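What follows is one structure encoded as structure tokens, with my remarks underneath.
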């Protein structure tokens, strides 16, 4: 499959959010990536359900909602109602991950699991066929604009190998520090979805930056 680009709204200009949404709608991006942070699981607070509802009113592409919160299972239906199409929870935040993924799917959303930089991909082996998307965090979650962690390449290779060995069908997403310098290598190693925040919204021409990333070939 061709790789997907999911601009991270966390890096956008919140004072001009509607125009930022319009830019993504008109670009070659595939999804909107929305980071929800509670200040507990990660050391930052971003936005929640009311903002996602507002984004959903104008977004013409799927909403990829990434929950960086404790007890995400308590809010699954609320995020579905808000407009989420893909809902990703953190492995580190779920005591009953299998049950949580089942509940996400029962609400007709794609079920994703994110893993922090210190978490090995092997922890997902027993649940790999119940996941639609695995997000490898390539920075420590909580803040945008961080430098890409080089160890991510090794983890991506490991996950791609496990995916093929298990004949699984999930998408591999990379989130954090993704730009036009590292995106080609990430795609070559098996990434299907690239989340790009600062590299898109802080660029002089975000639409062109998205197009360059979309055009990256193996």
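Computed from the coordinates by the stated procedures, all read-outs in this text should not be read as laboratory data. Since the structure is predicted, the reported quantities are computational estimates derived from the model, not experimental observations. In this analysis, Cβ positions are derived from the backbone assuming ideal geometry, glycine residues included, and neighbour counts consider all displayed protein chains.
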### Query
What is the range 18-64's relative contact order, in percent, from Cα pairs under 8 angstrom and six or more apart in sequence?
49 percent
### Task
Return a whole-number percent for the relative contact order of the range 117-218, with Cα pairs under 8 Å and 6 or more residues apart as the contact set.
27 percent
### Task
Give me 135, 123, 94 ranked fewest to most by other Cβ atoms within 10 Å of their Cβ, as a rough exposure proxy.
123, 94, 135
## Note on the structure
For the range 4-214, percent of DSSP beta bridges that are antiparallel (nearest 5) comes out at 5 percent
### Query
Which of these, 81, 52, 174, has the largest mean-square fluctuation under a Gaussian network model of the chain (Cα springs below 10 Å)?
81
### Message
Need one number: nm distance between label points at residue 18 and residue 129, each 7 Å from Cα along Cα→Cβ, rounded to one decimal.
### Response
4.9 nm
#### Entry: Footprinting exposure proxy for 79, 41 (fewest neighbouring C-beta atoms within 10 Å first)
41, 79
### Task
Before anything else, pin down the relative contact order of the chain: Cα pairs under 8 Å, at least 6 apart, normalised by residue count, whole percent.
22 percent
### Message
What is the distance in Å between the Cα centroid of the range 1-19 and that of the range 27-72?
### Response
10 Å
## Note on the structure
At the level of C-alpha centres, the distance separating the range 145-169 and the range 127-141, in angstrom, is 9 Å
### Task
Report the calculated FRET efficiency for residue 207 and residue 98 (r = Cβ-Cβ distance, R0 = 35 Å), to the nearest 0.05.
0.30
### Query
With the chain treated as a Gaussian network of Cα nodes joined by springs under 10 Å, which of 16, 108, 140 yields the largest mean-square fluctuation?
16
### Query
222 nm [θ] for the chain, helices only, -39500 (n - 2.57) per DSSP H run of 4+, per residue, to 500?
-9000 deg cm²/dmol
### Query
So what's the Cα pair-distance distribution over the range 4-214, bin width 5 Å, in %?
1, 7, 17, 21, 22, 17, 10, 4, 0, 0
